[in-house]
Amino acid sequence: MEMTSSSKQVSHSALVRLAVSVLVGASLWYLVSTLVFFFGVEQPRNYAIGSDVSIMLGLILVWLYFAGLESSAQQATLGKMVLRLMVTDVDGQRLSFARASVRYWAKLVSALPLGIGFMLAEISPKKQALYDRIAGSVVVRTGG
């Protein structure tokens with residue numbers, strides 16, 4: 001099966017988003033862990049793994065980042081804005097914070113069976129991963 005130029009572009013943008021997500025996530029985790037240890041909230045047991053408090057704070061910050069920005073007027077995280085993408089519901093409307101939160105936490109479900117939920121986007125007509133189907137959302141390209 002030959003890839004079209006649009007599917008190559010989607011694959012490249014997916015790789016860029018993944019790389020940026022990993023870098024931002026690792027940086028946030030490091031920053032939160034360092035601040036938790038610096039302020040003495042929790043003493044490091046194993047800095048490579050992180051503390052319970054830093055893990056919890058990291059999860060909360062990342063959830064607020066994704067759900068907050070995807071339900072904002074821009075309807076996109078910073079990475080999606082750069083790639084001219086936005087998240088809408090299936091009718092093209094802005095997601096509520098609650099629905100954006102469901103979308104974020106449903107990514108855990110998508111990851112469970114070897115990430116198969118993420119792979120659904122490649123075969124779905126609307127390019128929806130499992131978490132998009134659960135939340136009733138879709139990622140679309142913006143005009144400008």
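The values are calculated or read from the model by the stated rules, or taken from the named source; none is laboratory data. Bear in mind that the values here come from a model prediction, so they are computed numbers and not experimental data. All Cβ positions, even for glycine, are placed from backbone atoms using ideal geometry, and neighbour counts span all protein chains on display.
Annotations
- Of all residues making up region 88-103, the number that are part of a loop (DSSP other than H, G, I, E, B) and surrounded by 16 or more Cβ atoms within 10 Å (Cβ to Cβ): 2
- Subset of region 119-144 (residues that are of a type in the set (A, V, I, L, M, F, W, C) and in contact (Cβ under 8 Å) with a residue 12 or more places away in the chain): LEU120, ALA129, LEU130, ILE134, ALA135, VAL138, VAL139, VAL140
Per-residue answers, yes or no, for (1) at pLDDT below 95; (2) in contact with a Gly (Cβ under 9 Å, 6 or more places away or on another chain); (3) β-branched (Val, Ile, Thr):
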{"residue": "LEU57", "(1), (2), (3)": "yes, no, no"}
{"residue": "MET81", "(1), (2), (3)": "yes, no, no"}
{"residue": "ARG84", "(1), (2), (3)": "yes, yes, no"}
{"residue": "VAL87", "(1), (2), (3)": "no, no, yes"}
{"residue": "GLN93", "(1), (2), (3)": "no, no, no"}
{"residue": "PHE97", "(1), (2), (3)": "no, yes, no"}
{"residue": "LYS107", "(1), (2), (3)": "yes, yes, no"}
{"residue": "LEU112", "(1), (2), (3)": "yes, no, no"}
{"residue": "LYS127", "(1), (2), (3)": "yes, no, no"}
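- Answer from ALA135, ALA106, ALA111 - the residue that is surrounded by fewer than 16 Cβ atoms within 10 Å (Cβ to Cβ), in contact with a helix residue (DSSP H, G or I) (Cβ under 7 Å, 6 or more places away or on another chain) and within 24 Å of MET56 (Cβ to Cβ): ALA111
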